[in-house]
Amino acid sequence: MPNHKKPKISKTQKSNTKFIFVSGGVISGIGKGITSSSIGAILKAKGFSVSPVKVDMYLNQDAGTIRPQEHGEVWVTKDGIETDQDLGHYERFIGENIMRANYITTGQIYAEVLRKERAFEYNGEDVEAIPHVTDEIIRRWQVAGKGFDFCLIELGGTVGEYQNAIFFEATRIMKLRDPQTVFHIHVAYLPIPSYLGEMKSKPVQQSVRVLNSMGIEPDVVVGRSEVPMDDRRKERVALFCGVNKDHVLSNPDVGSIYEVPVILENQHAGEIILEKFGMKAKQQDLRQWKQLVHTIKTVKKEAHIAVVGKYFGVGKFQLADSYVSVIESIKHAAWANKVKPVMHWISSLDVEKQGAKAVLGKYDGIVVPGGFGSRGTEGMIQAIQYAREHKVPYLGLCYGMQMATIEFARNVAKLKNANTTEVDDDTPHPVIHIMPDQAKKMLNREYGASMRLGGWDCVLTRKTLTEKCYLDCGVIKKTGKPKINERHRHRYEFNNEYRDQLVKAGLVISGTTPDGQLVEIVELKDHPFFVGSQFHPEFQSRPLAPHPLFYGFMKAVVKLKK
């Protein structure tokens with residue numbers, strides 16, 4: 001069974017935080033987030049507390065209004081801020097809840113500087129980028145790091161971009177003021193041109209020179225590449241980038257991102273950092289990570305899971321970033337059940353065109369994740385109907401729960417043309433409708449940070465499949481009130497006017513808000529696994545502690561395969 005006990009955090013000396021900056025070069029999407037997360041996991045395994053921070057360079061105040069195809073998945077923290085997906089990686093690798101102080105955007109910085117100027121908090125000075133903007137950046141980093149041994153700050157974008165220069169300047173000023181507390185890791189790409197067949201280090205050298213031109217010298221260079229760096233390449237990078245050869249670390253492509261902490265620690269990444277700060281490890285404990293990596297590499301039996309969504313297509317490319325937490329959660333649960341997950345990205349539009357049986361007939365389980373709007377919803381409903389009628393394990397997340405309610409209303413409760421008012425304002429049976437407070441916000445065009453967000457309590461119904469999932473994973477006990485806390489991001493909800501009618505037809509309400517007013521989880525009896533949650537369980541799944549609903553889903557998949 002997965003272990004959901006909260007990891008222990010070492011006590012730290014306040015005001016003695018060490019700041020580790022992680023920057024990237026050559027190309028975007030290079031894996032700074034995974035590198036940062038892995039460094040955090042290594043330091044935590046050595047007995048230190050870590051506060052990871054993501055800095056995004058856009059002028060948005062958060063990620064909530066950005067299209068998933070544009071920016072990838074929106075991650076929601078427990079305290080309700082919509083952030084970059086890298087915070088999800090931080091939580092998964094470090095095993096801690098991360099709060100709004102750990103997410104910073106250029107928009108937030110400028111908004112606060114301008115607020116202070118209007119409030120006369122600069123005492124009549126002319127407000128300038130330096131020192132006022134850089135001081136606000138540094139202040140926020142210090143707030144995020146307060147009380148922790150390490151504050152691990154990922155600088156978004158690529159070195160040399162105009163829009164992130166002010167943040168690099170803030171790191172330079174910070175090191176100038178207190179050089180004993182700052183460490184800089186630069187992650188850059190070493191390509192292998194197919195016509196040459198040789199790994200080239202010049203792009204990394206040029207990237208570090210741009211960094212040098214900003215007054216910053218990296219302490220460590222992490223080389224991202226398709227294959228491990230050889231000694232020759234490490235020597236060249238060390239010579240031209242001004243770092244010790246032992247401080248040039250190789251981070252090659254691997255089968256699973258969860259191998260990266262082990263790969264970096266095998267090159268003494270943690271010891272290099274601690275040596276810089278004159279610190280010693282309190283413990284050495286990467287055993288669980290190594291066991292996880294062993295499981296990932298050795299499981300053979302496959303489970304084929306169809307993720308039926310609407311945000312996969314970007315031009316001619318199919319991207320999984322829109323559902324990265326869902327995908328990782330399926331992996332966590334599969335490995336815990338000793339099977340190899342094989343994911344299949346299914347566009348709900350394809351289901352509409354070709355029919356559910358033709359598209360989904362060969363898969364072991366079906367997941368419908370979150371989403372918004374009307375496009376592709378009929379394909380989702382068809383997929384859910386197929387899962388219900390053919391006894392295929394099904395897990396619906398947020399929109400997937402709403403679509404499951406609509407499918408049940410139409411095809412079991414016989415409520416013709418039942419729908420959500422998000423899709424059809426004129427539906428005769430609005431089994432899903434907008435929350436009253438959200439309707440007012442929409443009229444006032446209050447879109448940013450206005451949904452039902454963050455962690456909310458939910459009380460489970462006893463003797464349900466959902467309760468069994470949480471019991472099996474040790475999240476709740478058999479005695480007392482079966483209460484959980486899960487993260488939300490939605491405007492629409494189950495319409496209570498249809499609650500009795502749908503329950504009478506066989507729909508099981510397996511979780512509600514503590515006051516009983518909002519339906520949070522639905523399920524079906526006489527089915528191997530059919531559960532839909534209004535919340536997003538993927539935000540609380542960890543590689544070493546899979547979420548109970550994903551674990552139960554994969555357990556049902558494995559049982560049926562046997």
Legend entry - Whether region 61-112 is rounded, prolate or oblate, judged on the alpha carbon gyration tensor where a/c under 1.5 counts as rounded: oblate
Inset, instruction - Take the alpha carbon atoms of region 31-65, find their center, do the same for region 334-398, and report the distance between the two centers in whole angstrom. - result: 32 Å
Legend entry - Label-point separation, LYS562 to ASP79 (7 Å along Cα→Cβ), nm: 4.4 nm
Legend entry - Average Cα contact separation per residue, region 18-292, under 8 Å, 6 or more apart, as relative contact order %: 26 percent
Legend entry - Dipole magnitude of the chain about its Cα centre (Cβ charges: Lys, Arg +1; Asp, Glu -1), debye to nearest 20: 2180 debye
Inset, instruction - Could you give the size of the charge dipole of region 146-226 about its Cα centre, using +1 on the Cβ of each K and R and -1 on the Cβ of each D and E, expressed in debye and rounded to the nearest 20? - result: 140 debye
Inset, instruction - May I have the pair-distance distribution P(r) for region 311-436, computed from all Cα-Cα distances with 5 Å bins from 0 and rounded to whole percent? - result: 2, 10, 19, 23, 21, 13, 8, 3, 1, 0
Legend entry - Order of PHE372, PHE48 under a 10 Å beta carbon neighbour criterion, fewest first: PHE372, PHE48
Legend entry - Computed [θ] at 222 nm, deg cm²/dmol, the chain (DSSP H ≥ 4; -39,500 (n - 2.57); rounded to nearest 500): -10500 deg cm²/dmol
Legend entry - Size-normalised alpha-carbon gyration radius of the chain, reference 2.2 N^0.38 Å: 1.01
Inset, instruction - Fewest Cβ neighbours within 10 Å first, please rank MET401, MET199, MET214 accordingly. - result: MET214, MET199, MET401
Legend entry - For region 110-234, fraction of C-alpha pairs farther apart than 24 Å, in %: 42 percent
Legend entry - Length-normalised contact order of the chain in % [C-alpha pairs under 8 Å, at least 6 apart]: 15 percent
Legend entry - Kirkwood estimate for region 18-292, i.e. one over the average of 1/r between Cα atoms, Å: 19.2 Å
Inset, instruction - Before anything else, pin down the relative contact order of region 323-382: Cα pairs under 8 Å, at least 6 apart, normalised by residue count, whole percent. - result: 39 percent
Legend entry - Assigned charges on the beta-carbon of Lys, Arg, Asp, Glu; region 445-562 dipole about Cα centre (debye): 500 debye
Inset, instruction - Can you tell me how much longer the chain between ARG499 and VAL227 gets when fully stretched, taken as 0.36 nm per residue apart minus their C-alpha distance, in nm with one decimal? - result: 92.3 nm
Inset, instruction - Using the charge dipole of region 18-292 (Lys, Arg: +1 at Cβ; Asp, Glu: -1 at Cβ; taken about the Cα centre), state which of THR134, MET279, ILE39 has its Cα farthest towards the positive end. - result: MET279
Inset, instruction - Have a look at HIS527, ILE185, GLY361 and report the one farthest towards the positive end of the charge dipole of the chain, computed about the Cα centre with Cβ charges (Lys/Arg +1, Asp/Glu -1). - result: HIS527
Inset, instruction - Find which of LEU59, GLY124, HIS268 sits farthest along the positive direction of the dipole of region 18-292, computed with +1 on the beta-carbon of Lys and Arg, -1 on that of Asp and Glu, about the Cα centre. - result: HIS268
Inset, instruction - Sort 155-164, 333-342 for me by packing, meaning the mean count of neighbouring Cβ atoms within 10 Å per residue, highest on top. - result: 333-342, 155-164
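Bear in mind that the values in this text are calculations on the coordinates, not laboratory data. These numbers come from a predicted model, not from an experiment. Reconstructed Cβ throughout: ideal geometry from the backbone, glycine too, with neighbour counts over all protein chains shown.
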